[in-house]
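Here's the structure, in structure tokens; my notes come after.
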Amino acid sequence: LLLGVGTGAREGELFALDVADLDVGAGTVRINKTLDQRKGADHIQPPKSKQGNRTIGLPRFAVVAVEKHLAGRGPG
């Protein structure tokens, strides 16, 4: 939720994110795909436009939330 609020990204873009899309050190998230929920939970596709591919700077509260989430994942 905080990542969505902090980025303004669309719901499908947030659901399509991978850990590799996050750069916690730089405080950014790379948006380069979206989930088309109308076609199913596994239908990941590129954004509809070139402007959909973007890197968004994260506000500090979103960086902290991502760090806490990733720390709870454990190894692997």
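At 1.4 Å probe size, with no ligands or nucleic acids counted, give the accessible surface of residue 24 in Å², nearest ten.
Ignoring ligands and nucleic acids, residue 24 comes out at about 40 Å².
Can you work out the accessible area per residue across the range 29-76, with the rest of the protein chains kept in place, probe 1.4 Å, in square angstrom?
On the way: 3520 Å² over 48 residues.
That works out to 73 Å² per residue.
Give me the net charge of residue 21's neighbourhood, meaning all other residues with Cβ under 13 Å from the Cβ of residue 21; Lys, Arg count +1, Asp, Glu -1.
Details: positive: 30, 33, 54; negative: 13, 18, 23.
Around residue 21, the surrounding residues sum to 0.
At 222 nm, what value in deg cm²/dmol follows for the chain if DSSP H runs of at least 4 each add -39500 (n - 2.57) and the sum is divided by all its residues, to the nearest 500?
On the way: 3 runs with 23 residues, N = 76.
That calculation yields -8000 deg cm²/dmol at 222 nm.
May I ask you to give the percent of accessible area on the chain that is carbon plus sulfur, with a probe radius of 1.4 Å? Numbers along the way, then the final one.
Working: 2850 of 5170 Å².
Roughly 55 percent, rounded to a whole number.
On a full-extension model of 0.36 nm per residue, what is the gain between residue 51 and residue 36, subtracting their alpha-carbon distance, rounded to one decimal in nm? Mind dumping the intermediate values first?
Working: separation 15, 0.36 × 15 = 5.40 nm, distance 1.74 nm.
That pair, residue 51 and residue 36, stretches by 3.7 nm at full extension.
What do you get for the angle between helix 60-71 and the principal long axis of the chain? Use alpha-carbon atoms, 0 to 90 degrees, nearest ten.
90
Hey, got a sec? Which trypsin sites (Lys or Arg not before Pro) in the chain land in a DSSP loop and have at most 12 other Cβ atoms within 10 Å? Please list the in-between numbers first.
Values: sites: 10, 30, 33, 38, 39, 48, 50, 54, 60, 68, 73; in loops: 10, 33, 48, 73.
Hits after loop and neighbour filter: 48, 73.
Using Cα-only point scatterers and the Debye equation, what is log10 of I(q)/I(0) for the chain at each q in 0.11, 0.13, 0.25, 0.26 Å⁻¹, rounded to two decimals?
-0.28, -0.39, -1.20, -1.25
The values are calculated or read from the model by the stated rules, or taken from the named source; none is laboratory data. Just so you know, these numbers come straight off a predicted model, no measurement behind them. Every residue, glycine among them, receives a Cβ derived from its backbone with ideal geometry; neighbour counts consider all protein chains shown. Accessible surface is based on the protein model in full, side chains and every heavy atom, while ligands, DNA and RNA are left aside. Shrake-Rupley method; radii C 1.70, N 1.55, O 1.52, S 1.80 Å.
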